[in-house]
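Student: Here it is: the structure, laid out below.
The values are calculated or read from the model by the stated rules, or taken from the named source; none is laboratory data. A quick note: this is a predicted structure, and the numbers were derived from the prediction, not measured. Virtual Cβ from ideal backbone geometry, glycine too; neighbours counted across all protein chains shown.
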Ligand code: AMP
Ligand code: MG
């Protein structure tokens, strides 16, 4: 049996980022960028009108003046139109948002500033403009104001969300080099297990771990590969494990503690999975198993044997499998683990004597601190107590009773 920090250190040593890959922008959504994106254009690409109105010369206007300026409309410019014409003094161009500002013009007067029924005047007519808010250069987005051609606009390690995908598209990248999606096989073991759609007979238990771990994997941006249920027979577990070992990560639950039918550690050994640890001083989750399968010509498969009790399974997934998946996905170190914060207890909580304990709690903001309220929870098989819990109280070993008002550490879920 090892301590939690040692277990986490061994996982961090065993896990390494998967090989990066070229992929389409949509495939890259939610992944970590693995090569910078450099723009092939300025943004804006040219001086761009930001209002519908008239492209004018500032020297035809005086700032803050309410006087009417009358100008010849020399050209009509909608978005997509260009002109080689230069706007001379006393003239302007009728221009729509998104069109390039013509040479000579250096400000846009909004169409709302046209007076005496001249707002609809086109090329060949004369417009009368009164803009007492006039500022030099107004309503023009200047070429390169956001970024320049040749500039790195997305850096390695950034997560590609919607804005980042849009930016890559603007910068001319139809494909990017990003981290592949981590494939996580999920296997539930236990002869008592039935699928969630079944009504359990006496002695049977619904497989809640399968959907729960698949959801946790999905929420990490990884790809769950559900393998269903294997009964506690060596051939059944071995066949399913062999299938799961083709993934980047195998997360199995059940069969890892000390019962007669806890066959999993022996089957892992038979399948060539090297044990890195078995059993961690932790409550819930003591029987957790971790190892690695080296594969010829491929990246290794990381293997987690989680305890069968659902709350233990989830706590172990969050503490152990989450950082492994994050590392494989190329996430930055600060995103490997759930965040931990100090919080003040609002009611008593009891630590375990022999190992650190994790207890579901509610979290409320109280000033700039957090208030943690322990939730009713009947132990490692109780998912109701965990559902809706925003955090887990992390109490060190020692068996002490913590009182309301004491500061404790919480893990944010
Ligand atoms: P085990 O770790 O196999 O000894 O299982 C411990 C407890 O967790 C037993 O009560 C099992 O019935 C239960 N259990 C195991 N696997 C699952 C699962 N996939 N879904 C719900 N409960 C489970
Ligand atoms: Mg079992």
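Student: For the subset of the range 261-287 comprising residues that are within 10 Å of ligand 1 (Cβ to nearest atom) and in a loop (DSSP other than H, G, I, E, B), which member is surrounded by the fewest Cβ atoms within 10 Å (Cβ to Cβ)?
Tutor: To start, the set of residues in the range 261-287 that are within 10 Å of ligand 1 (Cβ to nearest atom) comprises 261-264, 287.
If we keep only those that are in a loop (DSSP other than H, G, I, E, B) as well, we get 261-263, 287.
On the way: 261: 16, 262: 18, 263: 21, 287: 26.
Checked the range 261-287; the qualifying residue surrounded by the fewest Cβ atoms within 10 Å (Cβ to Cβ) is 261.
Student: Can you work out which of the residues in the range 226-260 that are part of a loop (DSSP other than H, G, I, E, B) and surrounded by fewer than 16 Cβ atoms within 10 Å (Cβ to Cβ) is farthest from ligand 1 (Cβ to nearest atom)?
Tutor: Residue satisfying both the conditions and the ranking: 246.
Student: Which condition from (1) free of Cβ contacts under 8 Å to residues at least 60 places away in the same chain; (2) buried (at least 21 other Cβ atoms within 10 Å of the Cβ); (3) away from ligand 2 (no atom under 16 Å from the Cβ) is the one that residue 404 breaks?
Tutor: (2)
Student: Looking for whichever is within 13 Å of ligand 2 (Cβ to nearest atom) and within 29 Å of residue 16 (Cβ to Cβ) here; the options are 244, 254. Which one fits?
Tutor: Among 244, 254, only 254 is within 13 Å of ligand 2 (Cβ to nearest atom) and within 29 Å of residue 16 (Cβ to Cβ).
Student: Return yes when residue 172 is more than 16 Å from ligand 1 (Cβ to nearest atom), outside the structural domain of residue 307 (by TED's automatic domain parsing) and modelled with pLDDT under 95 and no when it is not.
Tutor: So residue 172 fails the test.
Student: Pick from the range 147-169 the residues that are part of a loop (DSSP other than H, G, I, E, B) and surrounded by 12 or more Cβ atoms within 10 Å (Cβ to Cβ): which of them is nearest to the chain's Cα centre (by Cα)?
Tutor: Ranking the candidates gives 160 first.
Student: On to the next question. Go through the residues of the range 203-225 one by one and say whether even a single one is assigned to a loop (DSSP other than H, G, I, E, B) and without any contact (Cβ under 8 Å) to a residue 12 or more places away in the chain.
Tutor: Scanning the range 203-225, I find at least one residue that is assigned to a loop (DSSP other than H, G, I, E, B) and without any contact (Cβ under 8 Å) to a residue 12 or more places away in the chain, so the answer is yes.
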